[in-house]
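Report on the following structure.
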Amino acid sequence: MHTMLDQERQRFDQQRRRTYQIAGAIGILIVAADIVTLIFDQHLLWWVRLLYVGNDLFLIAISLVIIWLVTTYRGSLTMVEQMMFITFAAESLLFNGIVPPLLGQTIAQRWIETVNDDIWFLLLICTLGFHLFRNRTGVLVVASLYSLSVAIVGGQTWLASRQGADLAPGWWSLQIYGMGAILLCFIYVISRYRAQAQRLQIRYELVEGWAFVDMLTSLPNRRRCEQALQEAIERSRRYGEQLAICIWDIDHFKRINDTYGHDRGDQVLRQIAQLMRQTLRSTDLVGRWGGEEFILLLPCTGQAAAEVVVERLRCLLMAAITLDGQPVTASFGIAVYQTDDDQVSLLARADHALYAAKAAGRNRVMIAV
């Protein structure tokens, strides 16, 4: 369960890093273009141009720092996002809201700036706020920031009305901000829906994993092994592929539990599972069949090759797992798929071979006829 959650979190974090890298690079290009425009804009006083160019250089520096942080994995993504939100929210309120009117920006110029970049920059910051803050806190923070920005535009429009200026650009700006608010509502609803869908998907995968995984050994359980065996039999029927299976169990496992306790017996089962995962081919499947009994599926494997693989497992088991210096052994029964086999008959033949191995003295491999 934790592995699945960690993998999902890592995938999401990687997506966030790539998004910030791309957005930062695009932002640097846009701000650099704005610097060039400011340098050649003779309508602004030199000190006003210097102020805006200095602010643009600050934005470029912040963007470079963000790209460096997310690329080199310095600090947490949450820390980077908090820095982005605080910095860009302050930038939006100051240089897209408070500073321009103080420098003599007219209501007509406000309309131009609103359409060009003010509203889009604000929407970007608010979207980040929905991600950074959860549930009601996110709504409160975003609504406060957006309302303050709208209040600045409304205040500028109100002052323009007192001075007898044309109010149409101000109303147009407020209309754009109103449409932006509607867009933010849609972004919030979609983000909540996507988060809920992801949670449901993760829960489904977890339930599905629990249904097909043995909780003690983390191997596929009997249900999953039966499913995989049926699929392998169908492939063998359709394509004529060879298929071998092996049912095996630990010799005198009850004696191990009685002598060393059930915890030590469980440890032996886990050690065997780990040994199997490290030894078998990626195309093979080993699962816990029940109790101390295991099953091994060997696709595209004939009798001779299966016997070699299982004999090697038997020797590895003896060498790798011991109790008080005595090796833990197992008995193995192999059955090779025949054209008239179904799942029941194939398992029955492997089971008979297993009992034959036990009757012959245990710690050996027997082939079903």
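The values are calculated or read from the model by the stated rules, or taken from the named source; none is laboratory data. This is a predicted model, so every value here is computed, not measured. Positions of Cβ are generated from backbone atoms using ideal geometry, with glycine treated the same way; all protein chains shown enter the neighbour counts. Only protein heavy atoms, including side chains, enter the accessible area calculation; ligands, DNA and RNA are left aside. Shrake-Rupley method; radii C 1.70, N 1.55, O 1.52, S 1.80 Å.
Worth a mention:
- Amide H contacts for L323 (H built 1.01 Å from N in the peptide plane; partners 5 or more residues away or on another chain; cut-off under 5 Å): V328.
- Taking all protein chains together and a 1.4 Å probe, the residues K254, K358 rank K254, K358 from largest to smallest accessible area.
- Here D324 sits with roughly 130 square angstrom of accessible surface, probe radius 1.4 Å.
- Residues within the reach of a label modelled at I26 (point 7 angstrom out along Cα to beta-carbon, backbone nitrogen below 12 Å), restricted to segment 109-130, are 121, 124.
- Accessible area (Å², 1.4 Å probe, nearest 10) - D341: 10
- Averaging the Cα positions of each part gives two centres, and for segment 233-291 and segment 330-352 these lie 15 Å apart.
- Subtracting the Cα-Cα distance of V99 and D266 from 0.36 nm times their residue separation leaves 53.1 nm of extension gain.
- Spatial separation of Cα centroids for segment 1-62 and segment 141-188, in angstrom: 24
- Take Y260: with every protein chain present and a 1.4 Å probe, its accessible area is about 90 Å².
- Figure note: F186, F85 ranked by solvent-accessible area, largest first, 1.4 Å probe, ligands and nucleic acids not counted: F186, F85.
- M179, M366, M84, ranked by accessible area, largest first (probe 1.4 Å): M179, M366, M84
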